[in-house]
Amino acid sequence: MSEIGLFSFPGAGPLWLSIRLAAITTLVLILIGTPLAWWLSRTRSRWKSPLEAIVALPIVLPPTVMGFYLLVVLGPYGAIGRWWVELTGETLTFSFAGLVIASCLYSLPFAVQPLQNAFESLDKRDLEAAWTLGASRIDAFFSVAVPQSARGYLNAVVLAFAHTLGEFGIVLMVGGNIPGETRTISIAIYDQVESLNYGAAHRLSAILLVFAFVVLLFMFVINRRWQRQ
């Protein structure tokens, strides 16, 4: 991806790469996070607490620690990385595909936890009424649970997207710094600071700062409106 891209300022390439990474990661997390959050909200299994702890690990685990283990597993000699090389002839590490996998794992709690909270707050009587009327469990889920959990989905999308957009440690460990492939906006800021180009670093940082503020403000405003309804 060109550094010029659709805009003329330096860093446009890393910005669009970051947006693409965040969008794909968020979509994948919603798809896999929905059934996981639903199971966690409904199960009484003894495995619930350990699984919740695993999901929440990225919140407290240093990115370099997770990045190191992902580098080992996704590397050409790792369990997953070796299989990927045999299948595609390319490595997962230092590639965009590797960044997507790492980002999904690192942003997992920011998608699962809002969805789980939303599902746990559902009125079970609405689901039971749908079952009584002949709806299957899947039909009841999509016709009752999902619409009533719209607020949770909004929070999950916003938090997962914003968290992925600002990733640094995981991106650097797993993806490195390859222009057009793995150089995200956070890596570009780091490059500018290392080069003592504080003006460019300030401009790129300001983009992330404004974006983070706007998306969080949007989320809080929408949530407050829903509370008043």
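No lab work stands behind these numbers, since they all come straight from the coordinates. Model, not experiment: these values are computed from the prediction. Note: ideal-geometry Cβ built from the backbone for every residue, glycine included; neighbour counts use all protein chains shown.
Sorted from fewest to most neighbouring beta carbons within 10 Å, what does the list Phe142, Phe119 look like?
On the way: Phe142 11, Phe119 21.
Lowest count first: Phe142, Phe119.
How much length would be gained if the chain were fully extended between Leu61 and His202, taking 0.36 nm per residue of separation minus their Cα-Cα distance, in nm to one decimal? Show your work: numbers first, answer last.
Numbers: separation 141, 0.36 × 141 = 50.76 nm, distance 2.80 nm.
Additional length available on full extension: 48.0 nm.
Can you give the longest stretch of the chain with no exposed loop site, where a site means trypsin sites (Lys or Arg not before Pro) in a DSSP loop (not H, G, I, E or B) with at most 14 other C-beta atoms within 10 Å?
Numbers: sites that count: Arg44, Arg46.
The segment 47-229 is the longest one with no such site.
Quick one: helix 48-60 against the long Cα principal axis of the chain, what's the angle to the nearest 10°, folded into 0 to 90?
Taking the Cα atoms of the chain, the angle to 48-60 is about 30 degrees.
Determine Rg/Rh for the range 1-111; Rg is computed over alpha-carbon atoms and Rh is the Kirkwood hydrodynamic estimate from the same atoms.
Details: Rg = 16.7 Å, Rh = 15.9 Å.
On the Cα set of the range 1-111, Rg over Rh gives 1.05.
Using the Cα atoms as the points, what is the convex hull volume per residue of the range 170-213 in Å³?
Working: hull volume 3.2 nm³, N = 44.
Taking the convex hull of the Cα positions in the range 170-213, it is 72 Å³ per residue.
What number, rounded to the nearest 500 deg cm²/dmol, is the helix-based mean residue ellipticity at 222 nm of the chain, given -39500 (n - 2.57) per DSSP H run of at least four residues and division by all its residues? Each step should come with its number before you reach the end.
Values: 12 runs with 167 residues, N = 229.
Rounded to the nearest 500, the figure is -23500 deg cm²/dmol.
For the range 19-43 and the range 47-85, compute the distance between their C-alpha centroids and round to whole Å.
The range 19-43 and the range 47-85 have Cα centres spaced 17 Å from each other.
So how many Å³ per residue does the convex hull of the Cα atoms of the range 12-228 work out to?
On the way: hull volume 31.4 nm³, N = 217.
Dividing the Cα hull volume of the range 12-228 by its residue count gives 144 Å³.
Which FRET efficiency value, to the nearest 0.05, do you get for Arg20 and Phe220 by plugging their Cβ-Cβ distance into 1/(1 + (r/R0)^6) with R0 = 25 Å?
Details: r = 26 Å, r/R0 = 1.05.
Efficiency, rounded to the nearest 0.05: 0.45.
Just to be sure I understand: with springs between alpha-carbon atoms less than 10 Å apart, which residue in Trp16, Trp47, Trp38 has the highest mean-square fluctuation in the Gaussian network model of the chain?
Its mean-square fluctuation being the largest, the pick is Trp47.
Choose one answer from Leu87, Leu127, Leu31: the residue with the largest mean-square fluctuation in a GNM of the chain with alpha-carbon springs under 10 Å.
Among Leu87, Leu127, Leu31, the largest mean-square fluctuation in the Gaussian network model of the chain belongs to Leu87.
So what is the relative contact order for the chain, in percent, with contacts set as C-alpha pairs under 8 Å and at least six apart?
Normalised by residue count, the contact order of the chain is 28 percent.
Return the sequence-ordered ³J(HN,Hα) values of the range 37-45 in whole Hz as given by the Karplus equation 6.51 cos²θ - 1.76 cosθ + 1.60 applied to θ = phi - 60°, using x for Gly and Pro.
So the J values, rounded to whole Hz, are 5, 5, 5, 5, 7, 10, 6, 10, 5.
Can you tell me the dipole magnitude for the range 12-228 around its Cα centre, using point charges on the Cβ only (Lys, Arg +1; Asp, Glu -1), in Debye to the nearest 20?
Details: 15 positive and 12 negative charges, 139 e Å.
In total the dipole reaches around 660 debye.
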